[in-house]
Amino acid sequence: MRAPVGRTLLLLVLAACPGSGEGLDENGNPIGPPGPPADSVTLSADVQPILTANCALSNCHAGTRPVLDQNLSAGLTFSNTVNVPAQQVPALRRVRPFLPDSSYLVHKIQGTHATVGGSGGRMPLGGVPLTSAEIQTIRSWIAAGAPNN
């Protein structure tokens, strides 16, 4: 038995809507729930859990020999990123407070690092790209001055 045309159309429209947290945005990032408001983003409560789950892993950005000497483990992220020159593009900082678009870490997680003279792959390398909400959370923290909070 065929479904009525109106019902079929409604199902197609609902399937195409990204509100469920599934699918990809226009940049190919997985869509997730919206990030926290920019004025409430903290390194410890909002940014660090993203980095811990996706970056501060063994053989990546953690341990005694982190890749590019960038340790993103809890308690070390701030000193290893904020105002630290990016090894792949020394003219840029890994995190430049107030300027997410001038922060190499943002370019690496967005996959735009080649546009600023960077090299290598998009981070997390070999993993699923961060969601738009996760990227926005990191950008918001940087835009707020990248405080050690």
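The values are calculated or read from the model by the stated rules, or taken from the named source; none is laboratory data. Note that the structure is predicted; figures quoted are calculated from it, not measured. So basically every Cβ, Gly included, is an ideal-geometry build from the backbone, and we count neighbours across all protein chains shown.
With the checklist (1) in contact with a Gly (Cβ under 9 Å, 6 or more places away or on another chain); (2) crowded, with 22+ Cβ neighbours inside 10 Å; (3) of a type in the set (Phe, Trp, Tyr) in hand, flag the one item Trp141 doesn't pass. For Trp141, the exception is condition (1). Restricting the first member to segment 74-98 and to residues that are within 23 Å of Gly63 (Cα to Cα), and the second to residues that are of a type in the set (Gly, Ala, Ser) and outside any loop (DSSP other than H, G, I, E, B), the beta-carbon pairs closer than 8 Å and six or more apart or on different chains are Ala74/Ser44; Arg93/Ser102; Arg93/Ser103; Arg94/Ser103; Val95/Ser103. Applying the selection to segment 36-55, what residues are modelled with pLDDT under 95 and either surrounded by 13 or more Cβ atoms within 10 Å (Cβ to Cβ) or not in a helix (DSSP H, G or I) (or both)? Across segment 36-55, the qualifying residues are Pro36, Pro37, Ala38.
Inside segment 91-149, can you point out the residues that are of a type in the set (Phe, Trp, Tyr) and assigned to a helix (DSSP H, G or I)? Hits for segment 91-149 are Tyr104, Trp141.
Of everything in segment 90-115, what is touching a Phe, Trp or Tyr at 6+ places or on another chain (Cβ under 9 Å) and either surrounded by fewer than 20 Cβ atoms within 10 Å (Cβ to Cβ) or closer than 16 Å to Pro129 by Cα (or both)? Give them in sequence order.
Selection gives His113 alone.
Being more than 18 Å from Ser44 (Cα to Cα) and surrounded by fewer than 18 Cβ atoms within 10 Å (Cβ to Cβ): is that true of Pro85 here? Yes: the conditions hold for Pro85. Taken as a whole, the condition of being loosely packed, with under 13 Cβ neighbours inside 10 Å and modelled with pLDDT under 95 applies to Gly21. Residues that are outside any loop (DSSP other than H, G, I, E, B), hydroxyl-bearing (Ser, Thr, Tyr) and touching a helix residue (DSSP H, G or I) at 6+ places or on another chain (Cβ under 9 Å) were ranked within segment 56-90; the one that is farthest from Arg122 (Cα to Cα) is Thr77. Within segment 55-72, not a single residue is closer than 16 Å to Ile138 by Cα, touching a residue at least 24 places away in the same chain (Cβ under 8 Å) and among the aliphatic types (A, V, I, L, M).
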